[in-house]
Amino acid sequence: MNVNDVRSNNNTGRRGIARLIDHPLTLTSFRHWVRLNRAGGGIDPRYRWRAAQVTALSPFGAALRAAERFSWNRQAPSVAIPHPPIFILGHWRTGTTHLHNLMTCDPQFGFVSTFQVLVPESCLLPFNPLRPLIAWCAPARRHMDRMPLGLDLPQEEEFALCNLCGHSFYVGWYFPRRMGELFRKYVLFEGLSEPERAGWSETYLDVLKKASIRTNGRPLVLKNPVNNARIPALLELFPEAKFIHVCRDPYTVFKSTLNFHRATLDMIAFQKIPDSEIECNVLTFYRDMMSRYLQDRTLIPAGNLVEVRFEDLERDPIERMAAIYEALGLPRWDEARPHMARYLHTQAEYRKNSFPSSPADLEKVEQHWGFALDAWGYRRLVPSESTD
């Protein structure tokens with residue numbers, strides 16, 4: 001969702017209301033907002049109005065959350081996730097959203113929806129009055145790359161975690177001075193206490209259980225870049241889980257991720273950090289996540305992992321998807337194919353953003369991410385060359 005999916009439309013009537021719910025934390029509980037605020041390290045003066053809006057509106061929906069919690073606390077222990085999930089892995093800006101959208105065109109699969117991640121504590125209510133309000137205000141496409149949006153489209157479950165507890169790296173989008181600390185703790189699981197680890201597992205399972213109920217027990221296809229470094233934890237929860245990893249030219253990923261960080265922090269953060277720190281985070285997070293993935297992928301049982309280049313998926317998506325289904329032993333490809341073909345037809349006019357690289361950018365990628373260029377066979381570029 002890249003964090004600020006609930007945005008104003010061009011329609012003037014919608015714009016005023018949308019401003020009231022234009023932050024991902026607006027619909028979280030007041031109690032959770034206070035906890036995050038206290039642990040965040042302070043709100044910069046320039047963002048006090050943004051924080052005041054969240055504070056004022058966070059009690060909204062408390063009765064809905066209480067109603068669902070009353071039934072869920074009794075129901076949750078007996079709810080099972082009937083099928084091992086399929087986890088889509090890949091760094092931000094590598095095409096994981098495109099693959100997620102393709103996979104979930106297949107009606108045999110379920111997913112965590114945008115509506116669920118926005119209101120994870122009241123998403124099971126048979127009628128939630130927040131739904132038509134959000135649907136009225138929400139845009140049709142993401143702000144940063146024009147990918148389609150919708151309350152019933154698939155979304156990253158990490159946003160639901162962030163709206164439920166503090167055990168999420170995505171808290172760093174709101175309090176970026178803590179981003180490095182949160183990355184090491186909730187992505188790499190370094191320095192995570194046993195109670196914190198248990199709390200993360202319980203909350204994560206609750207999110208997936210609710211998604212399973214919402215999709216009538218169908219196998220879940222989950223996309224979450226943070227999971228690149230969580231393979232041991234995911235296998236502990238789901239030993240038979242299947243994984244699809246997407247890689248993309250690191251030179252392209254670097255510039256696109258920089259743009260993503262800058263735009264996202266500008267829209268939803270409560271703190272300002274210098275651009276040099278943003279760039280350092282981008283370089284460090286990719287290096288550590290991808291190094292951890294390359295180390296831990298050997299833990300995945302044979303036949304349960306397939307790796308694909310985004311460039312190949314983009315060039316011939318139907319052929320690549322057929323190969324993924326075959327490699328993972330997924331059934332009903334002949335039934336899934338026409339659904340994916342229809343989705344691809346709707347995206348025929350889509351054009352990616354382009355961020356040309358300078359010689360200095362190329363040097364940074366080679367210095368920090370050269371191992372990834374080698375691991376996935378991307379050509380190293382000399383500083384005098386440029387790339388889109």
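No value in this document is a laboratory result; all are computed from the given coordinates. Just so it is clear, the model here is predicted, and its values are computed rather than measured. A quick note on method: Cβ atoms are made from the backbone with ideal geometry, for glycine too, and the neighbour counts reach across all protein chains shown.
A few points about this structure:
- Residues whose amide H lies under 5 Å from that of Ser357, counting only those 5 or more places away or on a different chain, are Thr387; hydrogens are built 1.01 Å from N in the peptide plane.
- Dipole orientation for the chain: of the candidates Thr114, Phe60, Thr257, Phe60 has the Cα lying most toward the positive pole (charges on Cβ; Lys, Arg +1; Asp, Glu -1).
- Amide H contacts under 5 Å for Leu305, placed H, 5+ residues apart: Phe243
- P(r), alpha carbons of the range 195-264 - 10 Å bins starting at zero, rounded %: 14, 40, 28, 18, 0
- Positive-pole candidate from Val187, Leu381, Thr28, dipole of the chain, charges at beta carbon: Thr28
- HN-Hα J in Hz across the range 227-243 - Karplus 6.51, -1.76, 1.60, θ = phi - 60°, x for Gly and Pro: 5, 3, 9, 10, 3, x, 5, 5, 5, 5, 7, 9, x, 9, 4, 10, 9
- When both bridge partners sit in the chain, DSSP labels roughly 15% of those beta bridges antiparallel.
- DSSP-loop chymotrypsin sites (Phe, Trp or Tyr not before Pro) across the range 174-243, with at most 16 other Cβ within 10 angstrom: Phe189
- GluC sites (Glu not before Pro) within the range 204-290: DSSP coil, no more than 13 neighbouring Cβ in 10 Å: Glu240
- Under a 5 Å amide H cut-off, with hydrogens placed 1.01 Å from N, Leu89 pairs with Ile244, His245, Val246 among residues at least 5 apart or on other chains.
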